[in-house]
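What follows is a set of notes on a single structure, which appears directly below.
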Amino acid sequence: ESIILELLDSISNRVYEEDKSTWYILFQCLLKVEILEKRLQIQKDDIKKIFLKLQSKYGGISYFWLQFGLFEQSQGNYVAALDYLEKSASIRPKAFKIQHAVARNYMCYANSLRSFEKADALFKKGENRMKELIESTDSLKRKARPYSISCYVTEKVKFIKKFKGDQVPSGNELKYMKRILEYVEPNGYMLTAFTKFYRLLTVLGKTD
């Protein structure tokens, strides 16, 4: 982690928002949480230290706040994650990855709570935002539609199961999930989501 920190610190004056230079690509690779955790196997506490020490250098870069938010999200710190993701969105409000991360954070946060009343309000915020991405006609968002659908269905099924004593999904809600899952050539994301959805229908006695 000391090497990663030194590298990112040394190139910070060469990295600019939405830049396509080699320096920006290097910055993205070095700061991607998935690479830090899985490929470099850096401890979570040390990953957080990297982000905290680099705030003053990369505070104006949306990707920095996106990755910091995704890191906190992966740790279940949804309030902190939302703060960082919103900072990222304030820099690039139309970026799909940022919009998706914010929407998913609301849903994941809702599914981490015990109170249905509080969880329901948070989930609806995320649900509405994710539906906007799913139904968008923007070409880039359409390409990422399977991922959005998978995340939406996964979190929706989890929410319904967790709070089954407080609410019953309407026919329209189930039909909406069925409609967005209907792909001729589904990928891995979609197949996983479809399996979870079918199991839910089985539990609810709604396979018809």
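The values are calculated or read from the model by the stated rules, or taken from the named source; none is laboratory data. Because the structure is predicted, anything quoted here is derived from the model rather than measured. Positions of Cβ are generated from backbone atoms using ideal geometry, with glycine treated the same way; all protein chains shown enter the neighbour counts. Calculation scope for accessible area: heavy atoms of the full protein, side chains included, ligands and nucleic acids excluded. Shrake-Rupley method; radii C 1.70, N 1.55, O 1.52, S 1.80 Å.
Report, ordered by chain and residue number, the aspartates and glutamates lying within cross-link reach of Lys164, taken as a straight Cα distance under 17 Å and ignoring same-chain residues fewer than 8 apart.
Glu117, Asp120, Glu155, Glu173
Report the normalised scattering of segment 83-155 as log10 I(q)/I(0) at q = 0.18, 0.28 Å⁻¹, calculated by the Debye formula with identical scatterers on the alpha carbons.
After summing over all Cα pairs, the log10 values are -0.68, -1.26.
Subtract the Cα-Cα distance of Lys175 and Ser115 from 0.36 nm times their separation in residues, and report this length gain in nm to one decimal.
Full extension from Lys175 to Ser115 adds 18.9 nm.
With a Förster radius of 22 Å, plug the Cβ-Cβ distance of Gln43 and Ser12 into 1/(1 + (r/R0)^6) and report the FRET value to the nearest 0.05.
0.45
Would you work out the relative contact order for the chain, in percent, from Cα pairs under 8 angstrom that are 6 or more residues apart?
Reported relative contact order: 12 percent.
Using a probe radius of 1.4 Å on heavy atoms only, what accessible surface per residue do you get for the chain? Whole Å² is fine.
Accessible surface, normalised per residue, equals 58 Å².
Report the Cα centroid-to-centroid distance between segment 1-62 and segment 121-139 in angstrom, as an integer.
So the separation of the two Cα centres works out to 29 Å.
In whole Å, what is the distance between the alpha-carbon centres of segment 74-90 and segment 154-180?
One Cα centre to the other: 25 Å.
What percentage of the solvent-accessible surface of segment 1-149, computed with a 1.4 Å probe over protein heavy atoms, is contributed by carbon and sulfur atoms?
49
Compute the long axis of helix 78-91 from its Cα atoms, compare it with the longest principal axis of the Cα atoms of the chain, and write down the angle in degrees, 0 to 90, nearest 10.
70
What does the convex hull of the Cα atoms come to per residue for the chain, in Å³?
That works out to 137 Å³ per residue.
Reachable lysines from Lys44, Cα under 23 Å, same-chain residues fewer than 8 places away excluded?
Cross-link targets: Lys32, Lys53, Lys57, Lys87, Lys97.
Quote the convex hull volume per residue of segment 1-59, based on C-alpha atoms, as a whole number of Å³.
76
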